[in-house]
Amino acid sequence: MKTVPALPAGGPSATVRRRATAPFGAAVAAAAAVGRLVVQPRMGFPDVPGMQAGLQAVHAADATTVGTITLDSYTRVGDHASARKALDDGSDLNGFPIVAHGAGTTRRMIGAVGASADFAIQVRHGSPLPLGIVQALLDAGLDATEGGPVSYCLPYSRTPLARAVDAWADSCELLADQVEGAHLESFGGCMLGQLCPPGLLVALSLLEGIFFRQHGLRSVSLSYAQGTSFGQDVDAIGALRRLAGEFLGDLQWHVVLYTYMGVFPRTPAGALSLLRDSAVLAAVTGTERMIVKTPAEAHRIPTVADNIQALEEAARSAEAAAGLSPGLLGLDAGTARGDNPVYAEARALVDAVLHLDADVGKALLQAFAKGYLDVPYCLHADNAQRSRSGIAPDGTLQWLSVGSMPLPPLNAASGTGAQRLRADDFLDMLSYVQRRYDDAALEELPTDTPRTPLPTSLAKD
């Protein structure tokens, strides 16, 4: 199948602005209703022909897809004059400058992609101050983007968190006011995801979802980045789904999984194995949407062809794993429903934050000021920088120090606790997944040999 299924009877909801694409949240919901995983690239090109060709290729892929317009670095920081100059000079940009191109140009490009009524597109950017970007995407007839006051501030900028909270509140309200059913994805589950224990990732993603809801949005998605242990990831997504049901049950919501965001395997076989395992993870946990990475990640910027290969490989792997369950993979079936330690940890963090203030934005600011939320290895000035984490012998991410977060104290008897990390320890952790998959790839059959979709992390645990 090349596109998302037809929307539910009745068609898209009425909007203040005329959409140029299918409603994003409804498109994912329609695919989930018939058991199809939506796969999505991270793709952005500076010129209209390149971006249009990329979207057309994604739309035509042999998978259930949504499109992506990833923006350039100048646009992310609001330097639209430099983006415009780069376009005029023919200089290279690392994404699509949506503001510099203008709404009319972007809308015409989307129209030229073809069959836009059944193809949804999301704008991805990385800006802590996104109001201008949100206005531009709305003017172009788009209805979906991603980010959040914490997740697009702490890892990417020096912008004070308080300023980002205000800017994201205004942006949420603009989206909600101008397009009924506008969609916003929290990037909270990807906060330095390769070294952050999943309880904090789940809590941050949910808290941003609650923030979006408080500022008027009715269609949201919650992210989670594939980590270092398949079993722990099943727990995390189960916890995220349970919490979303408890706190966001009156909204249209879904979960989006990111293929591992850390150092990627260098061998093609290792990279494909990691991609396949992320698709199996999505299938086993009922995840509705997945952001792929390509085997080219470790070497160069992926081409359109690289992205299509990854989309189709992920779709095939998810379809092959459709009959699998946690129990069939040797995991506790209850963990996928959120009855697990990740849920308990995330719930403790969420409750502590929400008790600080009825206004979620103010609660987030207080939580970071008190150290109730503390992202390990994040150097932003508004992050307490007292927490530390590490990879345990079983491959799971665990706390080495929780700082002031409202979590149980760590102790030596449990195998956890404060440890002094050396630089080589840190580098080893960063390359843990890359080495694991590359080493396994050297021992396995050729990549074109059919194989049972048993995740490498389970096979090695």
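The values are calculated or read from the model by the stated rules, or taken from the named source; none is laboratory data. In this text the structure is predicted, and so the values were computed from the model without any measurement. Heads up, the Cβs are rebuilt from the backbone with ideal geometry, glycines too, and the neighbour counts pull from every protein chain shown. Accessible surface is based on the protein model in full, side chains and every heavy atom, while ligands, DNA and RNA are left aside. Shrake-Rupley method; radii C 1.70, N 1.55, O 1.52, S 1.80 Å.
At-a-glance table
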read-out: Residue-span extension gain [residue 344 to residue 369] - 0.36 nm each, minus C-alpha spacing; value: 6.7 nm
read-out: Theoretical gain in end-to-end length, residue 166 to residue 424 [0.36 nm per residue, Cα-Cα removed]; value: 89.0 nm
read-out: Inter-site label distance for residue 362 and residue 312 at 7 Å from Cα along Cβ, in nm; value: 5.5
read-out: Segment residue 105-residue 325, extension gain: residue separation times 0.36 nm, minus the distance between their alpha carbons; value: 74.6 nm
read-out: Distance (nanometres) between label positions extended 7 Å along Cα→Cβ at residue 431 and residue 34; value: 4.6
read-out: Cut-off 13 Å between beta-carbons: net charge of the residues surrounding residue 93, Lys and Arg +1, Asp and Glu -1; value: -3
read-out: Spin-label pair residue 18/residue 386, simplified geometry with 7 Å Cα→Cβ offset, distance in nm; value: 5.6
read-out: Within the accessible area of the chain (1.4 Å probe), percent carbon and sulfur; value: 53
read-out: Around residue 332: net Lys/Arg minus Asp/Glu count, Cβ-Cβ under 12 Å; value: -1
read-out: Net charge of neighbours whose Cβ lies under 12 Å from the Cβ of residue 70, counting Lys and Arg as +1 and Asp and Glu as -1; value: +1
read-out: Cross-link reach list, aspartates and glutamates versus residue 85, counting only Cα pairs under 19 Å and skipping chain neighbours closer than eight places; value: 47, 72
read-out: Span from the the stretch 296-337 Cα centroid across to the the stretch 74-120 one, whole angstrom; value: 30
read-out: Estimated dipole of the chain in Debye, rounded to 20 [Cβ of Lys and Arg +1, of Asp and Glu -1, Cα centre]; value: 320
read-out: 5 angstrom amide H check on residue 256, placed H, neighbours 5+ away; value: 222, 223, 224
read-out: Where the chain is the region considered: accessible area per residue in Å², 1.4 Å probe; value: 38
read-out: Of all DSSP beta bridges in the chain, antiparallel share, percent nearest 5; value: 15
read-out: Length-normalised contact order of the chain in % [C-alpha pairs under 8 Å, at least 6 apart]; value: 15
read-out: Sequence ranges 236-243, 165-172, ranked by mean other-Cβ count within 10 angstrom, highest first; value: 236-243, 165-172
